[in-house]
Amino acid sequence: MSVFQEQVSETAAAREVSSFLQKKRKLFDSQQYQRTFRLDTQKTLSVLHVIGTVLKVNLNRSAPPSSKFFSVKCTPSVQYRISPPPQETAPFSPTPLNGNSVLLISMDRASHFENDSKLSVQYYGEKKEVLGRAILHLTAVEISLDVDADRDGHVERNNPNKGSWTWGPSGHGAILLVNCDSERTYAKQQDSEQAHVSRVSDLKDMSLMVLRTKGPAKLPGGYKLAMHISQGDAESVRIFRAKSSEVTNNPLTQLFYGTFVKDFPLVLSSEVLSQEVPYLGNTAEMNFYVEGLRFPDKDFDGLISINLSLLEPMSAGFPETPIFTDRVVFRVAPWIMTPNTLNPVEVFVCSTSDNYQFLKGMRNLVQKSGYKLKVCHEYMNRGDRWMQDELEFGYIDSPHHRFPVVLDSPRDGKLMNFPYDVLLGPDFGYVTRVANNEVVSSLDSFGNLEVSPPVSVNGKNYPMGRIIIGVAFPTASQGRNMTKVVQDFLWAQKVQEPIALFSDWLLVGHVDEFMTFVPAPDRKGFRLLLASPDAGYKLFRGLQNDGHGQAIMFEGQGEAEEITVDAILKDEILQAENNYVQSCIDWNRDVLKSELGLDDEDIIDLPILFKLPEMNRAVAYYPDMVNMIVLGKNLGIPKPFGPKVNGRCALEAEMCSLMSGLGLSCTFIDDFASYHMLLGEVHCGSNVRREFFDFKWWNLEM
């Protein structure tokens with residue numbers, strides 16, 4: 001070989017050594033967990049090492065007295081690095097021992113057998129004489145507790161972000177559903193209230209968590225795996241496991257394995273915070289099923305941590321010590337409301353002894369719109385017709401499953417059993433908030449709970465809209481408010497940040513008495529409709545100017561109800577009352593414009609008058625057209641029984657004119673006797689379950 005060839009060969013060898021050292025350094029730098037370990041020159045030690053971690057040995061601490069040098073040898077499966085890196089010494093010469101010399105030990109593949117790898121450290125005196133030798137036998141295992149941290153519906157292996165949770169399309173962290181439905185359709189009980197798997201089908205409501213291990217057929221004597229949760233998280237989660245290993249992503253295996261509920265024993269709960277779980281050995285996976293028990297609320301941010309620890313045996317009489325812990329984090333999915341701009345699925349109304357005309361109109365509207373109508377009959381509603389006030393439809397969503405969830409209001413009228421007894425079932429959840437020591441008022445009925453379509457406000461996006469509630473005026477000392485327990489729940493969901501409007505000026509006190517949203521083909525994709533006494537008086541004055549002052553309101557509703565346009569305009573008390581009402585609505589208008597990022601062009605004023613029969617609180621003077629049901633492009637509107645011009649109701653004509661520009665069709669439903677006279681309208685007497693958002697809540701930028 002020529003001198004040149006020898007130089008090239010030496011250079012290549014040097015590059016290989018440099019590359020090897022760089023890879024080794026990168027390997028050690030990437031380790032997330034370092035475990036302090038002590039060597040012993042008096043006896044051989046055996047240690048169980050977890051792939052992905054580092055054993056950190058203080059060499060000076062373990063050295064015999066008078067030690068000045070040391071050397072390290074190991075089998076090929078073991079890697080080590082000395083820190084700080086020693087200065088170069090002659091080949092095979094011992095390394096000088098400093099007071100801060102640290103040996104970092106790692107392995108990159110699982111062992112086939114116990115103690116199949118070795119490392120030794122030899123200590124030397126001043127004259128390089130041997131003073132002692134520490135021998136370490138190593139067994140390497142892979143242990144990973146895995147979840148769907150990248151939120152694609154599959155449980156990936158050892159995602160580096162599984163131990164934390166962040167929002168946004170580039171975010172990470174697993175998602176957990178509250179198991180608030182019932183697999184049973186008789187003798188119902190929410191699945192989350194049962195500390196067992198009631199049916200195997202219930203597993204789909206839970207989040208899959210997989211324990212993956214690789215290594216010898218069994219752990220060395222005394223070592224064990226334990227899963228554990230904190231006392232704080234234990235009230236919010238329950239964990240079951242499959243009795244045997246499964247192939248996580250194989251649908252056929254999942255279809256045929258585990259057909260009995262006894263195959264899924266309980267692991268952790270509020271009564272059991274820690275429990276040993278099997279180490280299956282070789283290359284194995286075990287499925288766990290994580291069940292959410294409660295929604296985010298004032299005292300619960302929705303985040304849950306689950307830990308898996310490898311425990312090392314100590315001397316007899318002492319507890320095991322954790323030498324490695326893997327952690328995963330879940331966020332409980334929030335309860336989400338659906339706005340009028342989403343397509344309907346089902347329409348719900350009550351049947352009572354006196355609402356035949358209303359039901360007839362609703363049946364025709366729903367049939368024309370092509371949706372399902374569900375009628376709650378009198379044996380269930382017991383005369384309570386206010387379907388909107390008893391409940392609000394929403395849903396919960398995760399990458400692996402989603403289903404509707406009804407929020408039951410604390411009003412607890414005679415319809416109080418309907419949400420639980422009728423709606424709760426397989427893949428239909430239920431949640432409520434009990435106002436223990438709070439006074440429940442009319443503002444706790446869910447005509448006072450609405451949600452806007454998606455909006456963007458000052459650069460901040462609300463792709464799932466914003467919840468809207470009605471409360472007392474900020475300066476009122478004796479006003480009514482929605483109970484704090486419900487408000488706290490709504491705020492805690494985070495994804496539809498609430499807006500509080502002033503609704504206590506109304507006798508009933510619901511936001512749906514003066515506002516709603518309808519879909520639109522332009523601008524923001526919707527319009528906000530607001531009741532407007534000003535628009536009402538403008539319409540009536542126009543009728544008077546055109547010679548229709550003697551046209552009659554409430555024609556056909558009895559002579560006691562009938563009144564002319566002239567008489568309405570002459571009533572100074574009514575005018576003063578509506579001036580006050582308009583000021584209240586204008587206050588809310590400004591709030592909505594600011595909080596929803598609306599312009600005046602996004603708002604349509606509807607001609608509606610009010611009166612103040614008692615306590616200086618308002619009710620609709622005639623059927624309140626804004627209190628409508630929205631079914632796609634079809635609107636079900638209270639028939640206003642307004643003054644007729646050329647045989648047509650002027651209020652209906654105005655409403656149709658305002659809506660036709662949006663491509664919306666108006667159907668007027670007679671609710672005068674059965675709802676309006678009882679201080680409610682079409683929206684109050686109906687409810688709509690709608691399709692879910694396409695947008696995924698976890699992609700919100702927070």
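The values are calculated or read from the model by the stated rules, or taken from the named source; none is laboratory data. Because the structure is predicted, anything quoted here is derived from the model rather than measured. For neighbour counting, all protein chains shown are included, and Cβ atoms are generated from backbone atoms with ideal geometry for every residue, glycine included.
See the values below:
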{"read-out": "Residue match in segment 307-318 (condition: closer than 26 Å to Asp191 by Cα and not polar (S, T, N, Q))", "value": "yes"}
{"read-out": "Test: Glu346 is part of a strand (DSSP E or B), touching a helix residue (DSSP H, G or I) at 6+ places or on another chain (Cβ under 6 Å) and either surrounded by fewer than 20 Cβ atoms within 10 Å (Cβ to Cβ) or at pLDDT 95 or above (or both)", "value": "no"}
{"read-out": "Inter-residue pairs, beta-carbon under 6 Å, first without any contact (Cβ under 8 Å) to a residue 40 or more places away in the chain and in segment 354-370, second of a type outside the set (S, T, N, Q) and outside any helix (DSSP H, G or I), 6+ apart", "value": "none"}
{"read-out": "Qualifying residue in segment 356-374 (condition: out of contact with any His (no Cβ under 7 Å at 6 or more places or on another chain) and farther than 25 Å from Leu631 by Cα)", "value": "no"}
{"read-out": "Residue satisfying all of: in segment 102-116; surrounded by fewer than 20 Cβ atoms within 10 Å (Cβ to Cβ) and of a type outside the set (A, V, I, L, M, F, W, C); nearest to Thr75 (Cα to Cα) among these", "value": "Asp116"}
{"read-out": "Unmet criterion (only one of (1) farther than 30 Å from Lys162 by Cα; (2) not in a loop (DSSP other than H, G, I, E, B)) for Asp354", "value": "(2)"}
{"read-out": "Residues of segment 659-702 satisfying the condition of being in contact with a Leu (Cβ under 8 Å, 6 or more places away or on another chain) and among the charged types (D, E, K, R)", "value": "Arg690, Glu691"}
{"read-out": "All positions within segment 39-70 that are of a type in the set (Gly, Ala, Ser) and surrounded by fewer than 17 Cβ atoms within 10 Å (Cβ to Cβ)", "value": "Ser46, Ser66"}
{"read-out": "Test: Glu601 is more than 35 Å from the chain's Cα centre (by Cα), surrounded by fewer than 21 Cβ atoms within 10 Å (Cβ to Cβ) and assigned to a helix (DSSP H, G or I)", "value": "no"}
{"read-out": "Matching strands (runs of 3 or more DSSP E) fully within segment 426-543 where at least 2 residues are buried (at least 19 other Cβ atoms within 10 Å of the Cβ) and not basic (Lys, Arg)", "value": "429-432, 449-451, 467-471, 499-502, 515-519, 526-532"}
{"read-out": "Count of residues meeting criterion [within 20 Å of Gly632 (Cβ to Cβ) and in a loop (DSSP other than H, G, I, E, B)] in segment 682-702", "value": "8"}
{"read-out": "Unmet requirement for Glu193, which otherwise passes all of (1) assigned by TED's automatic domain parsing to the domain that holds Gly221; (2) of a type outside the set (Gly, Ala, Ser); (3) crowded, with 19+ Cβ neighbours inside 10 Å; (4) over 22 Å from Leu280 (Cβ atoms)", "value": "(3)"}
{"read-out": "Tally of residues being among the hydrophobic types (A, V, I, L, M, F, W, C), in a strand (DSSP E or B) and more than 22 Å from Ala242 (Cβ to Cβ) across segment 289-310", "value": "2"}
{"read-out": "Flag for Thr325 being under 28 Å from Val431 (Cβ atoms) and either surrounded by 14 or more Cβ atoms within 10 Å (Cβ to Cβ) or charged (D, E, K, R) (or both)", "value": "no"}
{"read-out": "Neighbours by Cβ (under 7 Å, 6+ apart or cross-chain): first from segment 156-171, within 17 Å of Val332 (Cβ to Cβ); second buried (at least 17 other Cβ atoms within 10 Å of the Cβ) and among the charged types (D, E, K, R)", "value": "Lys162/Asp146; Trp165/Arg331"}
{"read-out": "So Ser441, is it in contact (Cβ under 8 Å) with a residue 24 or more places away in the chain, more than 30 Å from Gly292 (Cβ to Cβ), touching a helix residue (DSSP H, G or I) at 6+ places or on another chain (Cβ under 7 Å) and of a type in the set (Gly, Ala, Ser)", "value": "no"}
{"read-out": "Residues within segment 564-589 that are over 22 Å from Met515 (Cβ atoms), free of Cβ contacts under 8 Å to residues at least 40 places away in the same chain and of a type outside the set (A, V, I, L, M, F, W, C), tallied", "value": "5"}
